[in-house]
Amino acid sequence: MVKVTSKQQIQQITIPTPFPVGDVHTYVILGEKVTLVDAGVRTKEAWEYFKQELNVIGLTPDDIDQIVVTHQHPDHVGLIDFFRKDIPVIGHERSHLWMIKDEAYLKTHTEFYLSILLEAGVDQRFFPLTEKVNDMLHFSCNRGLTDLVDEGDSIQGLDGWKVLYTPGHSSAHISLWHEQKGTLIGGDVLLAHISPNPLIEPCYPGEDERRKALVEYIASLEKLSLLPIRQVLPGHGDIISNAKELIEERLRKQEKRAEKVLAFIRKQPRTAYEVCVHLFPTVYEKQLMLTLSETIGQLDYLEDAKMIEVDRNNVPHQYRGIINESNKG
């Protein structure tokens, strides 16, 4: 039990998942309204385990007044389907189409990821992976949001908490911040033992360009570094009590990886696939979509910093270093 105020406590409930990331944490805030933050993966095993853990603290699923989702990934929203039909579900609007499995939106995904592979110069033997990008949605929910929140919003029944928009790992990612007590319920924005993968996503309806996930993720970390955080309650792994130091470490590691990519590109123009193989020589074949996403993030970061330029006139795209007095090294 994590005590936030004299009138508010938080119970962490850890739920098994079938994913490599392992168990996922959900949080029950016992306040004016009993609020569940994130909802685990949609399996019968997860639901039975969740009910058992609720029972330990004297609750049943019907006692949950509302659900807040930090982001739309299946291990954070799946069990919503098991709750009563009228329960409020609160999150960022960019989670909604994923959660309801909007047919028109999902149809764009195969084409989007195929274009990413083509632009990156990926070997054609990997192209069938684009047909499997939505396979994990089997573990997701089939219900969407009832209430939308964004940066700075309050949520009824959660006294003292504010919504922070923390995109990067997902463009829909939000966190809950209790400034008085220095507590952040952070979803996957900051994890103790691993760095969350900033995942490239298809354009949201109305957008012409994909979001730069790693650039956004770094901005989210820099924003969090300015807060007086005493503890982070994460989506996976240990509770974090050294958030500022951990963020600084992650940003340093990011700089080192970017330097490695830049040095490789300065030798001669490269495709994103060539950079991916260079960065992840032992794992790229088994985890191409994840490693390519990370690679494209690094290239986005360097382009945004005006350290590299991209020739998009031909496919695959070619990345080359920019040498000037401000970035020599």
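Some notes on this structure:
- Convex hull of Cα atoms in the stretch 42-81, direction-averaged projection (nm²): 3.0 nm²
- Angle in degrees between helix 243-267 and the longest Cα principal axis of the chain, rounded to the nearest 10: 20 degrees
- DSSP assigns beta bridges within the stretch 66-180; of those with both partners inside it, close to 55 percent run antiparallel.
- Annotation: amide H of Val24 within the under-5 Å range of Ile15, Thr17, sequence separation 5 or more or interchain, hydrogens built in the peptide plane.
- Rounded accessible area per residue of the chain, 1.4 Å, Å²: 47 Å²
- Relative packing of peptides 230-237, 161-168 - highest average C-beta neighbours within 10 Å first: 161-168, 230-237
- Estimated dipole of the chain in Debye, rounded to 20 [Cβ of Lys and Arg +1, of Asp and Glu -1, Cα centre]: 740 debye
- Cα convex hull of the stretch 1-93 - mean projected area over all directions, nm²: 6.0 nm²
- Normalised alpha carbon radius of gyration of the stretch 148-242 [divisor 2.2 N^0.38 Å]: 1.10
- Computed from backbone phi, the HN-Hα couplings of the stretch 185-191 come to 8, x, x, 10, 6, 8, 10 Hz, rounded to whole numbers (Karplus: 6.51 cos²θ - 1.76 cosθ + 1.60, θ = phi - 60°; Gly and Pro given as x).
- In order along the stretch 224-234, the phi-based Karplus estimate (6.51 cos²θ - 1.76 cosθ + 1.60, θ = phi - 60°) of 3J(HN,Hα) comes to 5, 5, 8, 8, x, 7, 9, 8, 10, 9, x Hz; Gly and Pro are listed as x.
- Taking the 1.4 Å solvent-accessible surface of the chain as the whole, the part contributed by carbon and sulfur is 49%.
- Stokes-Einstein D in µm²/s, Kirkwood radius over Cα pairs - the stretch 39-193 at 20 °C with 1.002 mPa s viscosity: 125 µm²/s
- Cut-off 15 Å between beta-carbons: net charge of the residues surrounding Pro18, Lys and Arg +1, Asp and Glu -1: -3
- Loop-located trypsin sites (Lys or Arg not before Pro) across the stretch 1-74 with a Cβ neighbour count of 14 or fewer within 10 Å are Lys7, with loop assigned by DSSP.
The values are calculated or read from the model by the stated rules, or taken from the named source; none is laboratory data. The model shown is predicted, which means the values in this text are computed figures rather than measured ones. FYI the Cβ positions are ideal-geometry reconstructions off the backbone, even for glycines, and counts take in every protein chain you see. What goes into the accessible areas is simple: the full protein's heavy atoms, side chains included, and nothing from ligands, DNA or RNA. Shrake-Rupley method; radii C 1.70, N 1.55, O 1.52, S 1.80 Å.
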